[in-house]
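Student: The structure follows.
The values are calculated or read from the model by the stated rules, or taken from the named source; none is laboratory data. Just so we're clear, the structure is a prediction, and the values are computed from it rather than from any experiment. Glycine gets a Cβ as well: all are built from the backbone with ideal geometry, and neighbour counts include every protein chain shown.
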Amino acid sequence: MRPVTGYLVQLLAVADAEVRKLRHDPWELFSRAIQPVLWLILFGEVMAQVRGLAPGNVRYLDFLAPGILAQSVLFVAIFYGISAIWERDLGVLHRYLASPAPRSALVAGKALSSGVRALSQAIVVYLCAAVMKVHLSLAPADIAAAILLIGLGAGLFSTFSLIIACIVRTRERFMGIGQVLTMPIFFASNAIYPLALMPRWLRALASANPLTYEVDGLRAVMLSGGRSSYGLSYDLAALALTGVVLIAVATRMYPRMTE
C-alpha cells in the first residue's frame, strides 16, 4: 500500500507543478477559449441550415457541441509536448529525471495536468452552448462522466504529443508536425458529421481514432437524452486502454529527450 501511496503523491506533485504554470499565464486559457466559441457561433450557425447533417431529429448545434468540446481538448493537448522541449532547454527536465519519481509518474502527472487544463475549455463550451440553447444535461452523474471523458482524452493526446516531442526534439519541427496531425485527427472523427456520411475508408480511420470515442461518449452524457453509438463503457475503455499504451511508450522514450 505504501508504494502505491508514494507513487500517487509523486504523480500529483508533477501535476501540481504543471498546473501552477497557469497562474503565471492566465492569458493562455483565455486565448484558447476563443476558438471553440467561434466554431460554435460561426460554423455551428451556418451548418445548422443544412438539413439532414445531424442524425435523426437532433438539432445540429446539439450534435456539434460535444464535438467542439472534444476538438478544443485536442487542440490544447496536442501541443502540450512542446513544454517538454522547453523544459529540456531550460534544464528542468534533467531535474525531473534526477528525482526518485518513477518515469511513468512523470508522464502520468503531465497527462493529469493536461486534463485539468482541458476542464477550463469545458466550462467555456458549456457556457457558450447554454447561451445558444443547446439541450445540455446537468445531472451530476452526467457532468462527472463528462469530466472523466475530458480528462482521459486530454491525457491521451498530451501523452501522444509528448511522444512526438521525444522523436523530433526541436520546437520548430514539433510545431510543424503538430499542425499537420491536428486537422486529420479532427476531421477523421465524428466531431462535426456522423460516421454514416463518411466513405468506407474514412469510417475505418475514424473507428481507430480515439477522438471518435471521446466525442461519442460526450454526446451521451453532455446532451439531454443523448446516446452513445458504441456504448459509454466501451468509449471509456477505448480511451483508457489507448492512454495506458501511450503512457507506457512515453515512459520509455521520455529519458531520451536529454540525449
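Student: What number of residues within region 159-190 satisfy the criterion of being more than 25 Å from W201 (Cα to Cα) and either among the aromatic types (F, W, Y) or in contact with a Gly (Cβ under 6 Å, 6 or more places away or on another chain) (or both)?
Tutor: Here the count works out to 5.
Student: Of the residues in region 55-84, how many are within 18 Å of V131 (Cβ to Cβ) and among the aromatic types (F, W, Y)?
Tutor: 2
Student: State which residue is surrounded by the fewest Cβ atoms within 10 Å (Cβ to Cβ) when the search covers only region 134-151 and only residues that are in a helix (DSSP H, G or I) and touching a Gly at 6+ places or on another chain (Cβ under 9 Å).
Tutor: Ranking the qualifying residues of region 134-151, first place goes to I147.
Student: Given the criterion farther than 23 Å from R173 by Cβ, touching a helix residue (DSSP H, G or I) at 6+ places or on another chain (Cβ under 9 Å) and surrounded by fewer than 24 Cβ atoms within 10 Å (Cβ to Cβ), identify the matching residue among P66, P102.
Tutor: P102
Student: Name the pairs whose Cβ atoms lie under 9 Å apart, with the first residue in region 43-58 and more than 22 Å from A220 (Cβ to Cβ), the second assigned to a loop (DSSP other than H, G, I, E, B) and modelled with pLDDT of 75 or more, and 6 or more positions between them or separate chains?
Tutor: Hits for this filter: F43/I192; E45/M132.
Student: Also, I was wondering about something else. Taking I167 as meeting all but one of (1) over 18 Å from F79 (Cβ atoms); (2) surrounded by fewer than 19 Cβ atoms within 10 Å (Cβ to Cβ); (3) in contact (Cβ under 8 Å) with a residue 60 or more places away in the chain, write down the number of the exception.
Tutor: All conditions are met except number (1).
Student: Is there a residue being of a type in the set (G, A, S), surrounded by 13 or more Cβ atoms within 10 Å (Cβ to Cβ), within 23 Å of L156 (Cβ to Cβ) and more than 19 Å from the chain's Cα centre (by Cα) anywhere in region 43-57?
Tutor: No; the residues of region 43-57 include none that is of a type in the set (G, A, S), surrounded by 13 or more Cβ atoms within 10 Å (Cβ to Cβ), within 23 Å of L156 (Cβ to Cβ) and more than 19 Å from the chain's Cα centre (by Cα).
Student: Which of (1) aromatic (F, W, Y); (2) modelled with pLDDT of 80 or more; (3) part of a helix (DSSP H, G or I) does Y80 not meet, given it meets every other one?
Tutor: (3)
Student: Checking P184 against (1) farther than 18 Å from V134 by Cβ; (2) without any contact (Cβ under 8 Å) to a residue 60 or more places away in the chain; (3) surrounded by 14 or more Cβ atoms within 10 Å (Cβ to Cβ); (4) not acidic (D, E), which single condition isn't satisfied?
Tutor: Against the list (1) farther than 18 Å from V134 by Cβ; (2) without any contact (Cβ under 8 Å) to a residue 60 or more places away in the chain; (3) surrounded by 14 or more Cβ atoms within 10 Å (Cβ to Cβ); (4) not acidic (D, E), P184 comes up short only on (3).
Student: Hey, another quick one. Is it true that some residue in region 47-54 is assigned to a helix (DSSP H, G or I), under 18 Å from C128 (Cα atoms) and either at pLDDT below 85 or among the aromatic types (F, W, Y) (or both)?
Tutor: Yes - at least one qualifying residue is present in region 47-54.
Student: Here is a follow-up. Kindly indicate which of L90, L112, L119, L127 is in contact with a Leu (Cβ under 9 Å, 6 or more places away or on another chain) and not polar (S, T, N, Q).
Tutor: L112
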